[in-house]
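Data first, discussion second: the structure below is written as C-alpha coordinates.
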Amino acid sequence: MRWVMVGAAGRMGQAITQLASTQSQWHCVGAIDRIADAARGITTDLSSVLPGAEVMIDFSSPSQTAANLARCAEQGVAALIGTTGLGEDVEAAAAAAAQRIPVLIAANTSLGVTLLAELVRAAARALPPTFDIEIFEAHHRHKKDAPSGTALALGRAAAGGRGQSLDEVAVAPRGAGERKNGEIGFSVLRSGDIVGDHAVYFAGEGERLVLQHQATDRTIFARGALQAASWLVGRPAGRYSMSDVIGLKTIS
Ligand code: NAD
(Lines give C-alpha, C1' and ligand atoms only; values in the text may rest on other atoms or scores of the structure.)
Protein backbone atom coordinates (compact mmCIF):
# COMPACT_ATOMS: atom_id res chain seq x y z
CA MET A 1 0.00 0.00 0.00
CA ARG A 2 1.59 3.29 -1.10
CA TRP A 3 0.89 5.92 1.56
CA VAL A 4 1.74 9.49 2.53
CA MET A 5 2.06 10.73 6.12
CA VAL A 6 1.17 14.38 6.84
CA GLY A 7 2.46 15.55 10.24
CA ALA A 8 5.31 13.05 9.96
CA ALA A 9 7.51 14.70 12.62
CA GLY A 10 4.76 14.80 15.25
CA ARG A 11 3.92 12.37 18.04
CA MET A 12 1.25 10.57 15.98
CA GLY A 13 3.16 10.83 12.70
CA GLN A 14 6.13 9.08 14.29
CA ALA A 15 3.96 6.43 15.96
CA ILE A 16 2.19 5.60 12.67
CA THR A 17 5.41 5.61 10.64
CA GLN A 18 7.10 3.37 13.20
CA LEU A 19 4.21 0.88 13.19
CA ALA A 20 3.94 0.89 9.37
CA SER A 21 7.66 0.15 9.12
CA THR A 22 7.01 -3.17 10.90
CA GLN A 23 4.27 -4.22 8.41
CA SER A 24 5.51 -5.27 4.97
CA GLN A 25 2.43 -4.11 3.02
CA TRP A 26 3.12 -0.41 3.75
CA HIS A 27 5.36 1.57 1.44
CA CYS A 28 5.76 5.21 2.49
CA VAL A 29 6.01 7.45 -0.62
CA GLY A 30 5.93 10.79 1.22
CA ALA A 31 6.57 12.11 4.74
CA ILE A 32 5.32 15.69 5.02
CA ASP A 33 5.68 18.26 7.78
CA ARG A 34 5.99 22.04 8.10
CA ILE A 35 9.78 21.90 8.22
CA ALA A 36 11.83 19.65 5.94
CA ASP A 37 14.23 17.21 7.58
CA ALA A 38 16.42 15.46 5.01
CA ALA A 39 17.86 13.06 7.59
CA ARG A 40 14.37 11.66 8.25
CA GLY A 41 13.14 11.93 4.64
CA ILE A 42 10.62 14.63 5.58
CA THR A 43 9.64 17.21 2.93
CA THR A 44 7.06 20.02 2.85
CA ASP A 45 5.24 19.76 -0.50
CA LEU A 46 2.25 17.39 -0.37
CA SER A 47 1.36 17.94 -4.06
CA SER A 48 4.69 16.52 -5.21
CA VAL A 49 4.27 13.19 -3.36
CA LEU A 50 0.56 12.49 -3.90
CA PRO A 51 0.75 11.26 -7.53
CA GLY A 52 1.13 7.49 -7.28
CA ALA A 53 0.02 7.32 -3.63
CA GLU A 54 -3.07 5.31 -2.69
CA VAL A 55 -3.87 6.90 0.67
CA MET A 56 -2.94 10.00 2.68
CA ILE A 57 -2.91 9.81 6.49
CA ASP A 58 -3.06 13.30 8.05
CA PHE A 59 -2.43 13.82 11.77
CA SER A 60 -1.16 17.40 11.80
CA SER A 61 -2.97 20.70 12.45
CA PRO A 62 -6.30 21.93 11.09
CA SER A 63 -4.96 24.86 9.03
CA GLN A 64 -4.32 22.83 5.84
CA THR A 65 -6.87 20.02 6.23
CA ALA A 66 -9.35 21.45 3.71
CA ALA A 67 -6.57 22.10 1.16
CA ASN A 68 -5.12 18.62 1.71
CA LEU A 69 -8.52 17.03 1.05
CA ALA A 70 -8.83 19.01 -2.20
CA ARG A 71 -5.36 17.84 -3.30
CA CYS A 72 -6.23 14.21 -2.56
CA ALA A 73 -9.46 14.57 -4.56
CA GLU A 74 -7.51 16.00 -7.53
CA GLN A 75 -5.09 13.06 -7.46
CA GLY A 76 -7.63 10.33 -6.66
CA VAL A 77 -5.92 9.51 -3.34
CA ALA A 78 -8.04 8.20 -0.42
CA ALA A 79 -7.88 10.45 2.67
CA LEU A 80 -7.81 9.53 6.34
CA ILE A 81 -7.91 12.62 8.58
CA GLY A 82 -7.03 12.06 12.25
CA THR A 83 -6.37 15.74 12.98
CA THR A 84 -8.76 17.27 15.54
CA GLY A 85 -9.96 20.82 16.21
CA LEU A 86 -11.17 21.06 12.60
CA GLY A 87 -12.94 24.24 11.44
CA GLU A 88 -16.22 24.46 9.56
CA ASP A 89 -14.35 24.82 6.26
CA VAL A 90 -13.32 21.18 6.53
CA GLU A 91 -16.89 19.87 6.42
CA ALA A 92 -17.52 21.51 3.03
CA ALA A 93 -14.12 20.38 1.73
CA ALA A 94 -14.78 16.82 2.91
CA ALA A 95 -18.20 16.76 1.24
CA ALA A 96 -16.67 17.98 -2.05
CA ALA A 97 -13.75 15.53 -1.86
CA ALA A 98 -16.09 12.64 -1.03
CA GLN A 99 -17.64 13.03 -4.49
CA ARG A 100 -14.36 11.76 -5.93
CA ILE A 101 -12.47 9.80 -3.26
CA PRO A 102 -13.16 7.79 -0.07
CA VAL A 103 -12.83 10.13 2.95
CA LEU A 104 -12.71 9.18 6.61
CA ILE A 105 -12.42 11.80 9.35
CA ALA A 106 -11.96 10.32 12.83
CA ALA A 107 -11.17 12.25 15.98
CA ASN A 108 -10.15 8.93 17.49
CA THR A 109 -8.97 5.90 15.57
CA SER A 110 -8.87 3.44 18.48
CA LEU A 111 -11.11 0.38 18.47
CA GLY A 112 -12.13 1.05 22.08
CA VAL A 113 -13.33 4.61 21.49
CA THR A 114 -15.13 3.60 18.29
CA LEU A 115 -17.06 1.03 20.33
CA LEU A 116 -17.53 3.53 23.19
CA ALA A 117 -19.25 6.01 20.84
CA GLU A 118 -21.69 3.33 19.71
CA LEU A 119 -22.38 2.34 23.35
CA VAL A 120 -22.94 6.00 24.28
CA ARG A 121 -25.41 6.43 21.41
CA ALA A 122 -27.29 3.30 22.54
CA ALA A 123 -27.33 4.38 26.22
CA ALA A 124 -28.56 7.89 25.36
CA ARG A 125 -31.33 6.37 23.26
CA ALA A 126 -32.34 3.91 26.00
CA LEU A 127 -32.24 6.15 29.07
CA PRO A 128 -34.95 8.75 29.78
CA PRO A 129 -34.05 12.46 29.56
CA THR A 130 -34.06 12.61 33.39
CA PHE A 131 -30.53 11.17 33.15
CA ASP A 132 -28.06 14.07 32.86
CA ILE A 133 -25.24 13.53 30.36
CA GLU A 134 -21.79 14.97 31.17
CA ILE A 135 -18.51 14.27 29.38
CA PHE A 136 -15.07 14.42 31.00
CA GLU A 137 -11.76 14.26 29.15
CA ALA A 138 -8.10 14.43 30.21
CA HIS A 139 -5.03 14.81 27.99
CA HIS A 140 -1.32 15.68 28.11
CA ARG A 141 -0.18 19.26 28.63
CA HIS A 142 0.71 19.85 24.93
CA LYS A 143 -2.77 19.23 23.51
CA LYS A 144 -3.99 22.30 21.63
CA ASP A 145 -7.77 21.87 21.21
CA ALA A 146 -10.34 21.61 24.02
CA PRO A 147 -12.68 19.86 24.52
CA SER A 148 -10.95 17.07 22.60
CA GLY A 149 -12.28 15.98 19.22
CA THR A 150 -13.10 12.64 20.82
CA ALA A 151 -15.13 14.28 23.60
CA LEU A 152 -17.09 16.23 20.97
CA ALA A 153 -17.64 13.05 18.93
CA LEU A 154 -18.94 11.33 22.08
CA GLY A 155 -21.19 14.35 22.65
CA ARG A 156 -22.51 14.03 19.08
CA ALA A 157 -23.17 10.32 19.67
CA ALA A 158 -25.06 11.09 22.91
CA ALA A 159 -27.08 13.91 21.35
CA GLY A 160 -27.74 11.74 18.29
CA GLY A 161 -29.05 8.97 20.55
CA ARG A 162 -31.57 11.48 21.88
CA GLY A 163 -32.51 12.64 18.40
CA GLN A 164 -30.79 16.02 18.85
CA SER A 165 -27.82 17.82 17.36
CA LEU A 166 -24.94 18.58 19.73
CA ASP A 167 -25.05 22.29 18.84
CA GLU A 168 -28.49 22.56 20.44
CA VAL A 169 -27.44 21.11 23.82
CA ALA A 170 -23.66 21.41 24.34
CA VAL A 171 -22.24 23.41 27.24
CA ALA A 172 -18.49 23.93 27.16
CA PRO A 173 -16.98 25.13 29.34
CA ARG A 174 -19.46 24.73 32.19
CA GLY A 175 -19.69 27.85 34.36
CA ALA A 176 -21.37 28.54 37.68
CA GLY A 177 -25.12 28.11 38.11
CA GLU A 178 -27.65 25.33 38.19
CA ARG A 179 -27.61 22.71 35.45
CA LYS A 180 -30.40 23.00 32.89
CA ASN A 181 -32.39 19.95 31.78
CA GLY A 182 -31.15 18.32 28.59
CA GLU A 183 -27.71 19.94 28.54
CA ILE A 184 -24.62 17.95 27.62
CA GLY A 185 -21.70 19.43 29.57
CA PHE A 186 -17.96 19.05 28.93
CA SER A 187 -15.10 19.13 31.46
CA VAL A 188 -11.45 19.27 30.48
CA LEU A 189 -8.21 18.42 32.32
CA ARG A 190 -4.71 19.05 30.88
CA SER A 191 -1.80 17.51 32.75
CA GLY A 192 1.50 15.69 32.34
CA ASP A 193 1.70 12.98 29.71
CA ILE A 194 -1.88 11.63 29.78
CA VAL A 195 -2.46 9.97 26.39
CA GLY A 196 -6.26 10.37 26.55
CA ASP A 197 -9.04 9.58 29.05
CA HIS A 198 -12.75 9.98 28.26
CA ALA A 199 -15.77 9.31 30.46
CA VAL A 200 -19.44 9.82 29.66
CA TYR A 201 -21.71 10.13 32.70
CA PHE A 202 -25.40 9.32 32.62
CA ALA A 203 -26.51 10.47 36.07
CA GLY A 204 -30.08 9.87 37.20
CA GLU A 205 -31.80 9.98 40.60
CA GLY A 206 -30.17 7.29 42.75
CA GLU A 207 -27.99 5.73 40.04
CA ARG A 208 -25.16 6.62 37.70
CA LEU A 209 -23.88 4.88 34.56
CA VAL A 210 -20.34 5.81 33.49
CA LEU A 211 -18.96 4.63 30.15
CA GLN A 212 -15.25 5.31 29.88
CA HIS A 213 -12.08 4.66 27.93
CA GLN A 214 -8.46 5.20 28.90
CA ALA A 215 -5.66 5.24 26.36
CA THR A 216 -2.26 4.42 27.84
CA ASP A 217 -0.25 4.15 24.63
CA ARG A 218 -0.75 6.09 21.36
CA THR A 219 0.03 2.92 19.40
CA ILE A 220 -3.72 2.19 19.65
CA PHE A 221 -4.42 5.26 17.47
CA ALA A 222 -1.65 4.29 15.05
CA ARG A 223 -2.96 0.73 14.75
CA GLY A 224 -6.49 1.96 14.07
CA ALA A 225 -5.23 4.57 11.59
CA LEU A 226 -3.39 1.94 9.53
CA GLN A 227 -6.39 -0.40 9.70
CA ALA A 228 -8.68 2.42 8.50
CA ALA A 229 -6.27 3.56 5.77
CA SER A 230 -5.94 0.02 4.44
CA TRP A 231 -9.74 -0.41 4.53
CA LEU A 232 -10.27 2.88 2.63
CA VAL A 233 -8.09 2.00 -0.36
CA GLY A 234 -10.27 0.76 -3.21
CA ARG A 235 -13.59 1.84 -1.61
CA PRO A 236 -16.05 3.84 -3.68
CA ALA A 237 -15.98 7.62 -3.23
CA GLY A 238 -17.93 8.73 -0.16
CA ARG A 239 -17.77 9.51 3.57
CA TYR A 240 -16.90 6.73 6.00
CA SER A 241 -16.42 6.41 9.76
CA MET A 242 -14.38 4.20 12.09
CA SER A 243 -17.60 2.32 12.85
CA ASP A 244 -17.74 1.36 9.15
CA VAL A 245 -14.14 0.13 9.31
CA ILE A 246 -14.72 -2.03 12.35
CA GLY A 247 -18.24 -3.10 11.36
CA LEU A 248 -19.81 -1.73 14.55
CA LYS A 249 -22.76 0.18 13.12
CA THR A 250 -25.06 -2.60 14.28
CA ILE A 251 -25.62 -1.63 17.93
CA SER A 252 -29.07 -0.16 18.47
P1 NAD B 1 2.08 16.99 17.34
O2 NAD B 1 2.03 18.46 17.65
O3 NAD B 1 3.07 16.13 18.06
O4 NAD B 1 2.35 16.78 15.77
C5 NAD B 1 1.75 17.50 14.76
C6 NAD B 1 2.75 17.57 13.61
O7 NAD B 1 2.08 18.15 12.49
C8 NAD B 1 3.97 18.47 13.93
O9 NAD B 1 5.14 17.81 13.53
C10 NAD B 1 3.69 19.71 13.09
O11 NAD B 1 4.88 20.37 12.66
C12 NAD B 1 2.95 19.12 11.92
N13 NAD B 1 2.12 20.07 11.18
C14 NAD B 1 1.33 21.05 11.69
N15 NAD B 1 0.72 21.70 10.69
C16 NAD B 1 1.13 21.12 9.54
C17 NAD B 1 0.84 21.34 8.18
N18 NAD B 1 0.00 22.31 7.81
N19 NAD B 1 1.43 20.54 7.26
C20 NAD B 1 2.29 19.56 7.62
N21 NAD B 1 2.60 19.31 8.90
C22 NAD B 1 2.02 20.07 9.85
O23 NAD B 1 0.59 16.46 17.55
P24 NAD B 1 0.09 14.95 17.66
O25 NAD B 1 -0.04 14.57 19.09
O26 NAD B 1 0.86 14.10 16.72
O27 NAD B 1 -1.41 15.12 17.11
C28 NAD B 1 -1.63 15.59 15.80
C29 NAD B 1 -3.13 15.72 15.58
O30 NAD B 1 -3.74 14.42 15.70
C31 NAD B 1 -3.82 16.60 16.63
O32 NAD B 1 -4.88 17.29 16.01
C33 NAD B 1 -4.36 15.59 17.63
O34 NAD B 1 -5.46 16.06 18.37
C35 NAD B 1 -4.74 14.47 16.70
N36 NAD B 1 -4.83 13.15 17.30
C37 NAD B 1 -5.77 12.33 16.77
C38 NAD B 1 -5.87 11.05 17.24
C39 NAD B 1 -6.88 10.12 16.60
O40 NAD B 1 -7.04 8.97 17.04
N41 NAD B 1 -7.56 10.56 15.54
C42 NAD B 1 -5.03 10.58 18.24
C43 NAD B 1 -4.06 11.44 18.75
C44 NAD B 1 -3.96 12.73 18.26
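The values are calculated or read from the model by the stated rules, or taken from the named source; none is laboratory data. Fair warning: this is a prediction, and the values are worked out from it, not measured in the lab. Here Cβ is always computed from backbone atoms with ideal geometry, including for glycine, and neighbour counts include all displayed protein chains. Ligands, DNA and RNA are stripped out before the accessible areas are found, and what is left, the full protein with its side chains, is counted by its heavy atoms. Shrake-Rupley method; radii C 1.70, N 1.55, O 1.52, S 1.80 Å.
Taking R0 as 30 Å, what FRET efficiency do you get between Ser48 and Arg11 from their Cβ-Cβ distance, rounded to the nearest 0.05?
Computed FRET efficiency for Ser48 and Arg11: 0.75.
About the Cα centre, and with charges only on the beta carbon of Lys, Arg (+1) and Asp, Glu (-1), how big is the dipole of the chain? Nearest 20 debye, please.
340 debye
Ranked highest first by the average count of other Cβ atoms within 10 Å around their residues, in what order do 10-19, 121-130 fall?
Details: 10-19: 19.1, 121-130: 14.8.
The densest-packed peptide leads the list: 10-19, 121-130.
What is the angle, in °, between the Cα long axis of helix 65-75 and the longest principal axis of the Cα atoms in the chain? Nearest 10 is fine, range 0 to 90.
50 degrees
Any chance you could get the radius of gyration and Dmax over the Cα atoms of segment 18-136, in Å?
Expressed in Å, the Cα Rg and Dmax of segment 18-136 come to 17.7, 58.
At a threshold of 8 angstrom on Cα-Cα distance, excluding pairs fewer than six apart, so keeping six or more, what relative contact order does segment 111-215 reach in percent? Walk me through the numbers on the way to the answer.
On the way: 191 pairs, mean separation 40.5, N = 105.
After rounding, I find 39 percent.
Restricting to Cα pairs below 8 Å that are 6+ residues apart, what does the relative contact order work out to for segment 1-60? Please round to a whole percent.
48 percent
Taking the chain as a Gaussian network, where each spring joins two C-alpha atoms under 10 Å apart, which residue of Gly155, Gly112, Gly52 fluctuates the most?
Between Gly155, Gly112, Gly52, it is Gly52 that shows the largest mean-square fluctuation.
Quick one: how many Å² of Ser48 are accessible to a 1.4 Å probe, rounded to 10?
Counting only protein heavy atoms, the figure is 80 Å².
Taking a probe of 1.4 Å, how large is the accessible area per residue of segment 111-215, in Å²?
53 Å²
For Arg125 and Gln18, calculate 0.36 nm times their separation in residues minus their Cα-Cα distance, and state this gained length in nm to one decimal.
In short, 34.5 nm is gained.
Can you give me the three principal axis dimensions of the chain from its C-alpha atoms, in Å, biggest first?
Here the spans come out as 59, 39, 31 Å, largest first.
Report relative contact order for the chain in percent, whole number only (criteria: Cα-Cα under 8 Å, sequence separation at least 6).
Relative contact order of the chain: 22 percent.
What Kirkwood hydrodynamic radius do you get for segment 111-215 when you take the inverse of the mean 1/r over all pairs of distinct Cα atoms, in Å?
Across segment 111-215, the inverse of the average 1/r is 13.8 Å.
Would you work out what percent of the accessible area of the chain, with all protein chains in place, is carbon or sulfur (probe 1.4 Å)?
On the chain, the fraction of accessible area on carbon and sulfur atoms equals 50 percent.
Are there GluC sites (Glu not before Pro) in segment 131-236 that DSSP puts in a loop and that have at most 16 other Cβ atoms within 10 Å, and which ones? Numbers along the way, then the final one.
Numbers: sites: Glu134, Glu137, Glu168, Glu178, Glu183, Glu205, Glu207; in loops: Glu178, Glu183, Glu205, Glu207.
Listed in order of number, the matching sites are Glu178, Glu183, Glu205, Glu207.
Quick one: ranking Trp231, Trp3 by accessible area, 1.4 Å probe, largest first, what do you get?
Numbers: Trp231 55, Trp3 5 Å².
Ranking Trp231, Trp3 by accessible area, largest first, yields Trp231, Trp3.
Using the Cα centre of the chain as origin and beta-carbon charges of +1 (Lys, Arg) and -1 (Asp, Glu), tell me which of Val103, Gln75, Val200 is placed farthest towards the positive end of the dipole.
Farthest towards the positive pole: Gln75.
I'd like to know which of Pro173, Phe59, Cys28 lies farthest towards the positive end of the charge dipole of the chain, counting +1 on Cβ of Lys and Arg and -1 on Cβ of Asp and Glu.
Ranked along the dipole, the leading option is Cys28.
Measure nothing fancy, just the Cα-based angle from helix 111-126's long axis to the longest principal axis of the chain, in degrees from 0 to 90, nearest 10.
Here the helix axis deviates by roughly 30 degrees.
Angle between the Cα long axis of helix 11-20 and the longest principal axis of the chain, 0 to 90 degrees, nearest 10?
It is inclined by approximately 60 degrees.
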